[in-house]
1. Percent relative contact order of chain B, based on C-alpha pairs within less than 8 angstrom and at least six residues apart?
2. Between A:GLN28 and A:THR79, what is the spin-label point distance in nm, taking each point 7 Å from the Cα along the Cα→C-beta axis?
3. What whole number of Å gives the distance from the Cα centroid of region A:40-67 to the Cα centroid of region B:15-32?
4. For region A:108-116, what does the Karplus curve 6.51 cos²θ - 1.76 cosθ + 1.60, with θ = phi - 60°, yield as ³J(HN,Hα) per residue in whole Hz, taken in order and with x for Gly and Pro?
5. List the extent of the Cα atoms of the protein assembly as shown along each of their three principal axes, largest first, rounded to whole Å.
6. Under 22 Å between alpha carbons: how many lysine pairs meet that in the protein assembly as shown, if sequence neighbours fewer than 8 apart on the same chain are excluded?
7. Looking only at Cβ-Cβ distances, which cysteines of the protein assembly as shown have no other cysteine closer than 4.7 Å?
8. Work out the length of the dipole vector of chain A about its Cα centre, built from +1 on the beta-carbon of each Lys and Arg and -1 on the beta-carbon of each Asp and Glu, and round it to the nearest 20 debye.
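Coordinate-derived values only; no laboratory data. Computed from a predicted structure; not experimentally measured. Here the Cβ positions follow ideal geometry from the backbone for every residue, glycine too, while neighbour counts run over all protein chains shown.
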Amino acid sequence: SAVISQKPSRDICQRGTSLTIQCQVDSQVTMMFWYRQQPGQSLTLIATANQGSEATYESGFVIDKFPISRPNLTFSTLTVSNMSPEDSSIYLCSVRTSGGYTGETQYFGPGTRLLVL
Amino acid sequence: AQSVTQPDIHITVSEGASLELRCNYSYGATPYLFWYVQSPGQGLQLLLKYFSGDTLVQGIKGFEAEFKRSQSSFNLRKPSVHWSDAAEYFCAVVHGSGNTGKLIFGQGTTLQVKP
């Protein structure tokens, strides 16, 4: 299993500013992901952040808006840049661990609740 | 394109009644399938997963799910619902494989439990 922590847990920000969310994992993982969950919605994958390579962004998400760092196997950051009220969401960090014969398992952090005014 | 569908947006059951939450997937190969639960204000918790082998999978909190390839379904069941089961339930499938695999979520089903 993997235990994931995120900082901050919540924040209220002004439009036009940026927020960097940190994700720390208690074990080394290759595959790390960032998701967004807008109010009352399901989870949408923003990007995949594998250590040693550039983050891969999903359709509708761009690096200028959501720059990601992945300096090592236990840590990643997601920045939400030039925020607008539409960015108000829960942002979740996720990691995938290999489980041998039981297959891979994906775990999620507690999320960062962001409100943009 | 590969996708996950949860046909029921909202379900209400009485406490002690049985529960079945539906999940259908569209995927060419044998998928990795997951069910997660998200309680109000809480993070996502993994209930169970299907990787291969026995198509009836047991999870935590008394939940189980059955993979039916012929129906492209992975429905979640619980024989007797407790009030604490009220939450949002998400079915998910890994799309792709290896380092390119991505977990894709269904729309979610909100479970309400009546006393």
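1. Relative contact order of chain B: 36 percent.
2. The two pseudo-label positions are separated by 2.8 nm.
3. 27 Å
4. 10, x, x, x, 10, 8, 10, 10, 10
5. In descending order, the Cα extents are 49, 40, 33 Å.
6. 11
7. Unpaired cysteines in the protein assembly as shown: A:CYS13.
8. With only Lys, Arg, Asp and Glu charged at Cβ, the dipole is about 200 debye.
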